[in-house]
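The values are calculated or read from the model by the stated rules, or taken from the named source; none is laboratory data. Here the structure is a predicted model, which means the values were calculated and not measured. Neighbour counts run over all protein chains shown; Cβ positions are idealised from the backbone, glycine included.
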C-alpha cells in the first residue's frame, strides 16, 4: 500500500504566536515585520528553515494564513513558506484560486523572493500582489539556492496582472538569512547552485 | 484562528487501483502506461484533472507513490500530480530528499512535462530521473497553461545531474489531454497564457 495523503503542518507555536498579534497590519512594512518575526521564531524554536510568508487581506491587513519553511520537519521539499501560506489560504477559504469571486483582495508577503518552485506556484494560486523582503541575491549570498528563475520574473508576473514589490524591510529580512547561515545550522539544499541568470 | 495544516489527499479509488497492479513495471513505457491509466481514471471518476504521475524504484519497477491532479477537489493549486507523487514519496520514505543515503534509485514518471511550479520542485525533491509523456506544446495545444519555463529546461535539469527522457508514450499521453479538453470539462486555469518561450 502506498501513502495517499500528504500532510503539511505548521509548528504548534504558530497559533499562540498569531493570537498575540491579532490586530491588522496596516502597511506593507508592518506585514513584513510580522512575517520576519515568524521566520525568527521558526529558527529559534528549531521548527524549520529561516523563511516565512503570510497571506493578508490587502484592505484590512488581517492575516488569512501563515507559512514557515517546514521542509525538514515535514519530510517534504514542497513545504516552503510561500507554498504553506498559499495552500493554507486556499483551503481555509475553500477555493483553489485566490482570485475567485467573493474573495477579498489578498497579498502574499514573503521574507525572501520566491525560489523557482514558489515563483511557478504564484500564478496558479490566483494571488494578485506579492511583497518580498530579501532578494534572490541576498539568499544566494547567504548560501541558499533559489533555482533557475527568469531574470525578469517580476515583469513576467506583472504581465499576468500580479503586482510585485521587492526589498520591503530588506535589511531585517536579510539578517534572518545571514544569522541562520552564520550560525552553522544546516542548509539542507545540497545541490550545486547554478550561477544566477543574468 | 488560521488553519495550520494543509491536507492533500489522493482519491479513494487509488488504493484498489494500485492493488490490482502490484507487479513491477519493468520498462519506462510500462510505467508511463500505468501513469496514463491513473490519469484516465481520475477524469472518468471526476476526481481531478487529466494529469498523473508516479515515483518508481528504477531497478525493480515497484511503485513508491502515485499522484493525480487534485487542484479542484482539494481546493489547492499546489496539488498537481507531480507534487503529490514527489511529496508522498518523500513522506512515505521519511526523507525530505529522494537523494538521501539508503534510498534506492528512483524516477518520476509524469503524463505531461512539468509546469513551471513542478519543474522548480524537481531539483528540491532530490529525484534524479524524470520521464515525461505529453510535451509542453501538447499541453498548450490542448488549452493548458504550463507557465513560464526556460526553453532549455531539460538541459538545466541535466546540469543538476537529473536525467530527463521526454515523449514516452506521447500519443497516449496527449490523447488524455485532448479528450479532456474536447469533452468540454472545465480547464480551471483561467490565466491568459503567455506564449511559450522560444
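For residue B:79, the requirement of being out of contact with any helix residue (DSSP H, G or I) (no Cβ under 7 Å at 6 or more places or on another chain) and either buried (at least 22 other Cβ atoms within 10 Å of the Cβ) or modelled with pLDDT under 95 (or both) is met.
Just name the residue that is surrounded by the most Cβ atoms within 10 Å (Cβ to Cβ) out of those in the range B:20-45 that are modelled with pLDDT under 95 and out of contact with any helix residue (DSSP H, G or I) (no Cβ under 8 Å at 6 or more places or on another chain).
We begin by selecting, within the range B:20-45, every residue modelled with pLDDT under 95; these are B:20-26.
Right, trim to out of contact with any helix residue (DSSP H, G or I) (no Cβ under 8 Å at 6 or more places or on another chain) and you get B:20, B:22-24, B:26.
Numbers: B:20: 8, B:22: 8, B:23: 10, B:24: 14, B:26: 11.
Across the range B:20-45, the extreme among qualifying residues is B:24.
When B:134, B:121 are checked against the criterion of being over 19 Å from residue B:28 (Cβ atoms) and in contact (Cβ under 8 Å) with a residue 12 or more places away in the chain, B:121 stands alone in meeting it.
For the range A:20-42, the set of residues classified as touching a strand residue (DSSP E or B) at 6+ places or on another chain (Cβ under 9 Å) and part of a helix (DSSP H, G or I) consists of A:28, A:31, A:32, A:34, A:35, A:36, A:37, A:38, A:39, A:40, A:41, A:42, listed by residue number. If you filter the range B:87-102 down to residues that are touching a residue at least 40 places away in the same chain (Cβ under 8 Å) and within 7 Å of chain A (Cβ to nearest Cβ), you find that the one that is farthest from residue A:48 (Cα to Cα) is B:88.
Just give me the residues in the range A:48-65 being within 24 Å of residue B:103 (Cβ to Cβ) and either facing chain B (nearest Cβ under 10 Å) or out of contact with any helix residue (DSSP H, G or I) (no Cβ under 6 Å at 6 or more places or on another chain) (or both), in sequence order. Walk me through how you get there before you give the answer.
Of all residues in the range A:48-65, those within 24 Å of residue B:103 (Cβ to Cβ) come to A:48-49.
Correct list: A:49 only.
Search the range B:1-19 for residues being within 7 Å of another protein chain (Cβ to nearest Cβ) and assigned to a helix (DSSP H, G or I), and hand back the single one that is surrounded by the fewest Cβ atoms within 10 Å (Cβ to Cβ). Break it down stepwise before answering.
The initial filter retains those residues of the range B:1-19 that are within 7 Å of another protein chain (Cβ to nearest Cβ), namely B:1-10, B:14-15, B:18.
Next cut, assigned to a helix (DSSP H, G or I) only: B:14-15, B:18.
Working: B:14: 21, B:15: 14, B:18: 19.
The qualifying residue surrounded by the fewest Cβ atoms within 10 Å (Cβ to Cβ) is B:15.
Residues that are in contact (Cβ under 8 Å) with a residue 24 or more places away in the chain and at positive phi within the range A:26-71 comprise A:48, A:61, listed in sequence order. Looking at residue B:2 and the list (1) at pLDDT below 95; (2) within 16 Å of residue A:2 (Cα to Cα), which single condition is not satisfied? Just one mismatch for residue B:2, condition (2).
Might you let me know whether the range B:126-139 holds any residue that is facing another protein chain (nearest Cβ under 8 Å) and within 21 Å of residue A:77 (Cα to Cα)? If you could, list the steps in order and put the result at the bottom.
Quick first cut of the range B:126-139, residues facing another protein chain (nearest Cβ under 8 Å) only: B:126.
Next, from what is left, pick out any that are within 21 Å of residue A:77 (Cα to Cα): B:126.
Checked the range B:126-139: at least one residue is facing another protein chain (nearest Cβ under 8 Å) and within 21 Å of residue A:77 (Cα to Cα).
If I ask for residues that are closer than 23 Å to residue B:37 by Cβ and assigned to a helix (DSSP H, G or I), which ones from the range B:138-178 would you list? Hits for the range B:138-178 are B:138, B:139, B:141, B:170, B:171, B:172, B:173, B:174, B:175, B:176, B:177, B:178. Within the range B:76-129, restricting attention to residues that are part of a strand (DSSP E or B) and more than 10 Å from the chain's Cα centre (by Cα), the residue that is farthest from residue B:176 (Cα to Cα) is B:106. Just so you know, in the range B:145-162 the residues that are within 19 Å of residue B:128 (Cβ to Cβ) and in contact with a helix residue (DSSP H, G or I) (Cβ under 8 Å, 6 or more places away or on another chain) include one that is surrounded by the fewest Cβ atoms within 10 Å (Cβ to Cβ), and it is B:160.
Just to be sure before I move on: is residue B:68 modelled with pLDDT of 95 or more, in contact with a helix residue (DSSP H, G or I) (Cβ under 6 Å, 6 or more places away or on another chain) and either more than 9 Å from chain A (Cβ to nearest Cβ) or surrounded by fewer than 22 Cβ atoms within 10 Å (Cβ to Cβ) (or both) in the structure I sent? Yes: the conditions hold for residue B:68.
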